[in-house]
Amino acid sequence: MNVLGIETSCDECSAAVVRDGREILSNVVATQIELHKPYAGVVPELASRLHTEWIAQVVQSALQKAELTSADVDAVAVTNRPGLLGSLLVGLNFAKGYAATLDVPFITIDHIRAHLFASQVEKPLEYPYLGLLVSGGHTVICRVDGYDQIEVLGTTIDDAIGEAFDKVAKHYDLGYPGGVVIDRLSKNGNPQAFLFPGSALNKEGHPYDISYSGLKTAVINQLDKFWDGESEKSPENIAASFQRTAIGMLMRRVRLALEDTGLKRISAGGGVAANSLLRSELSALEKSGYEVSFPSLKLCTDNGAMIAALAYSYLHDGYRSDFSESASARVSAFKKSYL
Ligand code: KG4
Ligand code: ZN
């Protein structure tokens, strides 16, 4: 089954064709990064306008790269939650029209679940496993018992991890997008130049919850307080020290969750899963006997292939969406509960 997956929830305009949930025939990502760069952040109105201009061409190019025509598309899947409402609506309405014209099944997909599923395309793990979703909008540690069966164990109580990377980069004018720049600068920095505090584990029944606002404030407003007194106060040293602390806080909770749940497998997804320090820390868990899976870099950040791949599982199990379905900017389910 060839599933066309469309993703326009933020600033990437993407379409992909995935066969039977596993074989990525094409994955076209038209990034708007250069167009949002002057503003050091995504401008929602600009994002939706660009999606409107680009979407038809991006879908066409995904079909061409897959060496298919629209007649070969067996189903259309699209992200409809969460994200920027105007951007979501562009993809959603295009997908509805496309599916209606072709008279093929149509299904809407949750962007967060798709990030959590992305690693399974390339390196599937047996269920259950610990899921780690780290992106610009979310930080979630969860127990995954099936593609649609996710129990949230911990979340951020304020900023998402990617948001913290982006805000620190913006404050110090390091470049855009922040996460990528901090990762790159860190390679030439001293991670001990500033000993920023990581948030303490919350012992009141929420041990896997995390907070990034304190770290963000320390890095932005209290640099001198945590300085080692001799290292240069350079962008590289700030970046490396921040990154060490941000990833360290996350890994502490991941290790605790692995111990407490007894899970032996772990999968990560989302834009921050592209971070080189996080990837090496996760890979290091393999030495302790854990099976680890994270997506290749292109499947970490927003892309249509993860949408099409997850959609295949739903379609295979008989799920379909109605054309009356709309988009929503937020999902309340990413609090403590079964998703
Ligand atoms: O998953 P994604 O593309 O969009 C959301 O759903 O949010 O994630 C984007 C986030 C941004 O905050 C970006 O700075 C971060 O992922 N990011 C990184 C890296 N690459 C992207 N953060 C740290 N290290 C990276 N290498
Ligand atoms: Zn995303």
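The values are calculated or read from the model by the stated rules, or taken from the named source; none is laboratory data. Keep in mind it's a predicted model, so treat the numbers as computed, not measured. A quick note on method: Cβ atoms are made from the backbone with ideal geometry, for glycine too, and the neighbour counts reach across all protein chains shown.
Overview of results
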read-out	value
Residue within region 53-62 that is of a type in the set (A, V, I, L, M, F, W, C), surrounded by 19 or more Cβ atoms within 10 Å (Cβ to Cβ) and in contact (Cβ under 8 Å) with a residue 60 or more places away in the chain present	yes
Those residues of region 31-73 which are outside any helix (DSSP H, G or I), of a type in the set (Gly, Ala, Ser) and farther than 30 Å from His171 by Cβ, in sequence order	Ala66
Per-region count, region 285-299, residues of a type in the set (Gly, Ala, Ser) and either assigned to a helix (DSSP H, G or I) or within 15 Å of ligand 1 (Cβ to nearest atom) (or both)	2
Test: residue in region 76-89 that is surrounded by 16 or more Cβ atoms within 10 Å (Cβ to Cβ), more than 16 Å from ligand 2 (Cβ to nearest atom) and either among the basic types (Lys, Arg) or closer than 27 Å to His316 by Cβ (or both)	yes
Matching entry among Gly198, Gly214, Gly205 (being part of a helix (DSSP H, G or I), in the same structural domain as Glu230 (by TED's automatic domain parsing) and free of Cβ contacts under 8 Å to residues at least 60 places away in the same chain)	Gly214
Candidate set: region 226-259, residues that are of a type in the set (S, T, N, Q) and in a helix (DSSP H, G or I); chosen: the one nearest to the chain's Cα centre (by Cα)	Gln243
Filtered residue count, region 142-174, keeping only those that are of a type in the set (A, V, I, L, M, F, W, C) and outside any helix (DSSP H, G or I)	8
Residues of region 63-75 satisfying the condition of being hydrophobic (A, V, I, L, M, F, W, C) and surrounded by fewer than 21 Cβ atoms within 10 Å (Cβ to Cβ)	Leu68, Ala71
Filter result for Ser324 (within 16 Å of ligand 2 (Cβ to nearest atom), under 26 Å from Val76 (Cα atoms), outside the structural domain of Gly175 (by TED's automatic domain parsing) and surrounded by fewer than 17 Cβ atoms within 10 Å (Cβ to Cβ))	no
Test: residue in region 300-317 that is more than 16 Å from ligand 1 (Cβ to nearest atom), closer than 27 Å to Tyr212 by Cα and crowded, with 21+ Cβ neighbours inside 10 Å	no
Subset tally (residues that are in contact (Cβ under 8 Å) with a residue 40 or more places away in the chain, more than 16 Å from ligand 1 (Cβ to nearest atom) and of a type in the set (Val, Ile, Thr)) for region 101-133	2
Hits in region 226-242 - residues which are charged (D, E, K, R) and farther than 14 Å from Val180 by Cα	Asp228, Glu230, Glu232, Lys233
Cross-chain or 6+ apart pairs with Cβ under 6 Å, region 260-278 first and part of a helix (DSSP H, G or I), then more than 16 Å from ligand 2 (Cβ to nearest atom) and of a type in the set (A, V, I, L, M)	Leu277/Ile247; Leu278/Ile247
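For every residue, the table says whether it meets (1) among the aromatic types (Phe, Trp, Tyr); (2) buried (at least 22 other Cβ atoms within 10 Å of the Cβ).
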{"position": "Thr101", "(1), (2)": "no, no"}
{"position": "Arg113", "(1), (2)": "no, yes"}
{"position": "Thr139", "(1), (2)": "no, yes"}
{"position": "Phe165", "(1), (2)": "yes, yes"}
